[in-house]
1. State whether the residues of the stretch 62-70 include one that is acidic (Asp, Glu), surrounded by fewer than 17 Cβ atoms within 10 Å (Cβ to Cβ) and more than 19 Å from residue 17 (Cβ to Cβ).
2. When you look at residue 131, is it of a type outside the set (Asp, Glu) and part of a helix (DSSP H, G or I), yes or no?
3. Those residues that are at pLDDT below 95, of a type in the set (D, E, K, R) and closer than 17 Å to residue 21 by Cβ, I need them from the stretch 102-138; list them, please.
4. Residues that are touching a strand residue (DSSP E or B) at 6+ places or on another chain (Cβ under 7 Å), at least 2 per element: which helices (runs of 4 or more DSSP H) completely within the stretch 1-115 meet that?
5. With respect to residue 92, is the statement that it is closer than 15 Å to residue 35 by Cβ, surrounded by 12 or more Cβ atoms within 10 Å (Cβ to Cβ), under 10 Å from the mean Cα position of the chain (by Cα) and free of Cβ contacts under 8 Å to residues at least 24 places away in the same chain true?
Amino acid sequence: MSIAPTRAMICDEALTWIGTPYLHQASAKHAGCDCLGLVRGVWRAFYGKEPIQLPSYSPDWAEINGAETLKHAADNCLSPIAFSQMQSGDVILFRMNVGAPAKHMAIMLDDVFIVHAYWGRSVTKSRLAPFWRSRRAYAYRFPNIRN
């Protein structure tokens with residue numbers, strides 16, 4: 001199964017994950033997921049099997065190894081874009097601390113809102129407020145998007 005989704009289809013799918021409890025390393029709608037699990041779930045809805053096998057990772061993986069692991073995975077599966085090119089349905093990676101590797105991700109709904117999962121929260125729709133804007137590290141697009 002592989003279909004070329006529209007931006008609206010990606011956003012609609014991401015919104016169906018709202019309320020899914022946060023569960024580290026999981027990617028099961030309504031049962032549990034983390035931020036990566038949300039993006040993995042949206043990927044599966046349109047492209048089928050995930051393109052890479054993920055290794056086990058701890059909550060502090062980025063702080064331990066200091067590598068841009070999440071960025072490198074995104075580089076292999078998604079298309080890098082400039083922040084100025086971001087549109088609904090695109091994926092944003094965030095650095096939680098200055099100089100630290102990117103370790104959080106969200107799906108952009110529009111210029112104001114994102115959908116993401118984070119520790120202590122279920123998947124939620126949040127404002128892309130100054131807190132999040134200032135932590136943007138990279139932006140990506142799902143492959144073969146139809147407008």
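1. Yes: the stretch 62-70 contains one or more residues that are acidic (Asp, Glu), surrounded by fewer than 17 Cβ atoms within 10 Å (Cβ to Cβ) and more than 19 Å from residue 17 (Cβ to Cβ).
2. It is true that residue 131 is of a type outside the set (Asp, Glu) and part of a helix (DSSP H, G or I).
3. Residue satisfying the conditions is 121 alone.
4. 7-16, 35-47, 69-77
5. Taking the combined requirement at face value, the residue does not satisfy it.
So that you can scan it fast, the table gives a plain yes or no per residue for (1) in contact (Cβ under 8 Å) with a residue 40 or more places away in the chain; (2) over 15 Å from the mean Cα position of the chain (by Cα); (3) within 19 Å of residue 74 (Cα to Cα):
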residue	(1), (2), (3)
2	yes, yes, yes
6	yes, yes, no
10	yes, no, yes
18	yes, no, no
36	yes, no, yes
40	no, no, yes
43	yes, no, yes
48	yes, yes, yes
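The values are calculated or read from the model by the stated rules, or taken from the named source; none is laboratory data. These figures come from a predicted structure and were not determined experimentally. So basically every Cβ, Gly included, is an ideal-geometry build from the backbone, and we count neighbours across all protein chains shown.
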